[in-house]
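Remarks on the structure that follows.
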C-alpha cells in the first residue's frame, strides 16, 4: 500500500535511505543540508529566485569588470607605470589579465574546501589569493623601497585598478559558485522527489520533506 512519508529531518533521510558513507566519502544529503542552511534557504519556492539573483549579479559584475579592464588597461592606459613586476618581470597590463584568473581559481577552490571539508583545495586557494594580494600592493612596495620613480598618484591609481578587478572577480565568482551549488541542490532534491520546508519552532532548522513509497 502506498502512503506518503511524514515530514522528516535530513538526518532521518540519511539513515532510512542508507546513503551514509562510512568510508569518509561525501554524503550528498548532508552536503545539500549544509548548503541550504548556510545560504538560509527558506523553502523550495525561494531557490529559483536565489539562483536567478546570484547568476544575474555575477554576470553583471564580471561583464562590468571586463569593460573596466579593457578601458583602463588597453584602450586609454590612463596612467603610465613602466617598471615591470619584480618576481616574474611581467608588465602590469599582463598582470591585470593574470590577476582575475588567480582570484577566480582561488575563489572556486576556497568554496570547494568549505563545502566538502577538504584541506587541500583550501591550502591552494590561500596561496593563490595571497599571490593576488601581492600583485595588487606590489607597486606600493616598489615606491616604499625606492624601486620606482613613479609618483604617488600613479602608484595608488594602479593599485586601485588592480584591487577593483581582484575584489570584483572574487565577489562575482562567489555569486556564480553559489548559483551553481543551489542549482545542484535543486536538481538533487527534484531527483529524489523531495522539497524543503522550514520548522516553525524557535530552532529554525531546515528540514527536507521526502515523498516515498513505503512497503
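The values are calculated or read from the model by the stated rules, or taken from the named source; none is laboratory data. Not measured: the values here are computed from a predicted model. Positions of Cβ are generated from backbone atoms using ideal geometry, with glycine treated the same way; all protein chains shown enter the neighbour counts.
If I filter the range 30-47 down to residues being without any contact (Cβ under 8 Å) to a residue 40 or more places away in the chain and not in a loop (DSSP other than H, G, I, E, B), which single residue comes out as surrounded by the most Cβ atoms within 10 Å (Cβ to Cβ)?
Within the range 30-47, the match that is surrounded by the most Cβ atoms within 10 Å (Cβ to Cβ) is 30.
So, residue 55, is that one modelled with pLDDT of 90 or more and touching a helix residue (DSSP H, G or I) at 6+ places or on another chain (Cβ under 7 Å) or not?
Working: modelled with pLDDT of 90 or more: yes; touching a helix residue (DSSP H, G or I) at 6+ places or on another chain (Cβ under 7 Å): yes.
Yes; evaluated as a whole, the condition is true for this residue.
Among the residues of the range 141-155, write down those that are surrounded by 15 or more Cβ atoms within 10 Å (Cβ to Cβ) and either within 35 Å of the chain's Cα centre (by Cα) or over 19 Å from residue 73 (Cβ atoms) (or both).
Once the filter is applied, which keeps residues that are surrounded by 15 or more Cβ atoms within 10 Å (Cβ to Cβ) and either within 35 Å of the chain's Cα centre (by Cα) or over 19 Å from residue 73 (Cβ atoms) (or both), the range 141-155 yields 142, 143, 154, 155.
If residue 205 meets every condition in (1) in contact with a helix residue (DSSP H, G or I) (Cβ under 9 Å, 6 or more places away or on another chain); (2) at pLDDT 55 or above; (3) surrounded by fewer than 20 Cβ atoms within 10 Å (Cβ to Cβ) apart from one, which number is that one?
(2)
Tell me yes or no: at least one residue of the range 173-184 is modelled with pLDDT under 90 and surrounded by fewer than 19 Cβ atoms within 10 Å (Cβ to Cβ).
Within the range 173-184 (the criterion being modelled with pLDDT under 90 and surrounded by fewer than 19 Cβ atoms within 10 Å (Cβ to Cβ)), the answer is yes, since at least one residue qualifies.
Which residue pairs have Cβ atoms closer than 8 Å, lie 6 or more positions apart in sequence or on different chains, and pair a first residue in the range 179-195 that is on the phi > 0 side of the Ramachandran plot and assigned to a helix (DSSP H, G or I) with a second residue that is surrounded by 15 or more Cβ atoms within 10 Å (Cβ to Cβ) and modelled with pLDDT under 80?
That search, which allows pairs on different chains as well, returns nothing.
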